Amino acid sequence: MTTPQQVVLRDAMRRLDMTRDAFADRIGCRRRTLDTWLLPDESSEFRAMPEIARRFVQEILERAAPRSPDSTQSVYNDGLTADAGGAMRHLLSVEQFDREGVEALFRLADVMQPIARRRKVTRVLEGAVLANLFFEASTRTRVSFGAAFCRLGGSVCDTTGFTFSSMAKGESIHDTSRVISGYADAIVVRHPEQGAVTQFARATYVPVVNGGDGPGEHPTQALLDLYTLQREFSRVGKQLDGAHIALMGDLKYGRTVHSLMKLLGLYKGVRFTLIAPPGLDMPSAIVEQAARNGNAVEVRSVPGPGLANVDMLYATRIQKERFTGESIESLDNRFRIDRSFVEANCAPDVVLMHPLPRDSTPGAIDLSTDLDRDPRLAIFRQTDNGIPVRMAIFAQLLKVDQLVQKSMRDATWTAPSQVGPEDTLE
Ligand code: ASP
């Protein structure tokens, strides 16, 4: 079965680190033509890419970046724990990834897109069970992990909250992990303590995915953020190498920005501006690691100045639930990101992102809803992309990645062409 043209083209642009304009130029077609080749098959403007163009893209790739034959087989460049046969791996931190591993994962996420858009179905994980263990509040992460597993044909068992778990009876992480391993084929864990998910993974050979460990990391969020950012950049003609990224809000306890800053360190010459209220700064270990990578890092406590050349502004919620004596008195209206803030401070082609949830109550100091119809705001594309990215992660961990493409069948029902009023871009 041939690889879908959208997967081939996006993979090529990622590997060559080219914008759509540059890539169209390289393969000698018009940008508009390339756009129609990248659209989903079901779109009325979709056009099939001629076979000769496909062969030319493959040739360019071969010449530009020859690869070892098995380089797309494995996402993980180390992995913390292997099972007795050395096969299974856990996903605990973005530090497990190198750039090639990210590309391989995103290529697989592109393969999953028709399933995520509900045009196709697969049963590659039929019979497999996911234990979705959330010992801390969650909506999108828990549901999207569950939906991703179901869309691969598996089933999901959920548990939510600490109070109703056996940990509230004093059970150790080790015991819970070993017990659940007897029930499930993959385990997602969210836990309020940093490092707890790694501890959980040590007690099992069943693949464990970190769904957020306190203020530590949120690797799958960072992966879907990066996947989204790359797609946004490719559309607006920007590259990750050399990008200027601003991270704003609670950078101390915001685990998504911890993972994202580490992951962006895989790209050359990325420049960071970090804007946090006093006392809520990015942990120094992460800043030092970026500096060792050669990334320029500027630290600010006042939002606004210095954002004019920023390519992506990523805002994150103040994590009051994690405060240990910090105060938010220094948090003023300047930390609210609304239309007037963006018009006054940011470039017309800035990409605006947020991991959600945002505080949407009137007067809240967070990302405002008045930007919702602004095409620069990518938040719902981020949440939508959680499905293909998490499907790709499961497919890799359970080693069915090579089976997905040929297992796909048409969906029997008709899904809406857009799932929400904000969906106008591809
Ligand atoms: N949903 C994200 C997380 O679990 C961000 C947040 O809660 O603010 O870390």
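Structure notes:
- Heavy-atom SASA rank of HIS174, HIS244 (probe 1.4 Å, accessible area, largest first): HIS174, HIS244
- FRET efficiency, 1/(1 + (r/R0)^6) with R0 56 Å, evaluated for LYS399 and ARG334 via beta carbons: 0.70
- Close amide H pairs (under 5 Å, H built 1.01 Å from N) link HIS244 with ARG271, ASP311, MET312, residues at least 5 positions away or on another chain.
- Only DSSP H runs of four or more residues enter the estimate; each adds -39500 (n - 2.57), and after division by the residues of the chain the mean residue ellipticity at 222 nm equals -11000 deg cm²/dmol.
- Inter-centroid distance (Cα atoms) of region 355-396 relative to region 268-305, Å: 22 Å
- Modelled FRET efficiency - R0 35 Å, PHE323 with GLU343, Cβ distances, 0.05 increments: 0.65
- Mean Cα-pair separation over length for the chain, i.e. relative contact order, pairs under 8 Å, 6 or more apart, %: 17 percent
- What the phi angles of region 100-110 give under the Karplus curve with 6.51, -1.76 and 1.60, with θ = phi - 60°, is a coupling list of 5, x, 5, 4, 5, 5, 5, 5, 5, 4, 5 Hz, glycine and proline written as x.
- With a Förster radius of 25 Å applied to the C-beta separation of TRP413 and THR361, the computed FRET efficiency comes to 0.10.
- Per-residue SASA entry for CYS346, accessible area with 1.4 Å probe, Å² rounded to 10: 20 Å²
- For region 104-216, a crude dipole built from +1 on the beta carbon of Lys and Arg and -1 on the beta carbon of Asp and Glu, taken about the Cα centre, is about 620 debye to the nearest 20.
- Using 0.36 nm per residue and subtracting the Cα-Cα separation, the extra length available between THR369 and ASP158 on full extension is 72.8 nm.
- DSSP beta bridges in the chain [antiparallel fraction, %, rounded to 5]: 5 percent
- The phi torsions of region 113-126, fed into the Karplus equation with coefficients 6.51, -1.76 and 1.60 and a -60° offset, translate into couplings of 3, x, 6, 4, 7, 6, 9, 10, 9, 9, 10, 4, 9, 4 Hz, rounded to whole numbers, with Gly and Pro shown as x.
- Computed over protein heavy atoms with a 1.4 Å probe, the carbon and sulfur contribution to the accessible area of the chain reaches 50%.
- Per-residue HN-Hα couplings for region 216-227 [Karplus 6.51, -1.76, 1.60; θ = phi - 60°; Hz; x = Gly/Pro]: x, 9, 9, x, 6, 5, 5, 5, 6, 5, 5, 4
- Net charge dipole, region 251-315: roughly 140 debye, given to the nearest 20, about the Cα centre with Cβ charges of +1 for Lys and Arg and -1 for Asp and Glu.
- Solvent exposure of region 273-370 as accessible area per residue, Å², 1.4 Å probe: 47 Å²
- The H on the amide N of ASP98, modeled in the peptide plane, is under 5 Å from the matching H of ASN77, each at least 5 residues off or on a different chain.
- Long-range amide H partners of ARG190 with built H, under 5 Å: LEU133, PHE134, PHE135, GLY211
- Placing dummy labels 7 Å off each Cα toward the beta-carbon, the span from ALA296 to ALA308 is 1.5 nm.
- Separation between Cα centres of region 195-253 and region 102-146, rounded to whole Å: 16 Å
- For ILE387, net neighbour charge (Lys/Arg +1, Asp/Glu -1) across residues whose Cβ lies under 11 Å away: +4
- For region 185-258, a/c is not less than 1.5, where a ≥ b ≥ c are the root eigenvalues of the C-alpha gyration tensor, and a/b does not top b/c. That puts it in the oblate class.
- Using C-alpha pairs under 8 Å with a sequence gap of at least 6, the mean separation divided by the residue count of region 256-368 gives a relative contact order of 27 percent.
- Each peptide in 209-217, 123-131 was scored by the mean count of other Cβ atoms within 10 Å over its residues; highest first, the order is 209-217, 123-131.
The values are calculated or read from the model by the stated rules, or taken from the named source; none is laboratory data. Note that this is a predicted model, so its numbers are computed, not measured. All Cβ positions, even for glycine, are placed from backbone atoms using ideal geometry, and neighbour counts span all protein chains on display. Protein only, heavy atoms only, side chains kept; ligands, DNA and RNA dropped before computing areas. Shrake-Rupley method; radii C 1.70, N 1.55, O 1.52, S 1.80 Å.
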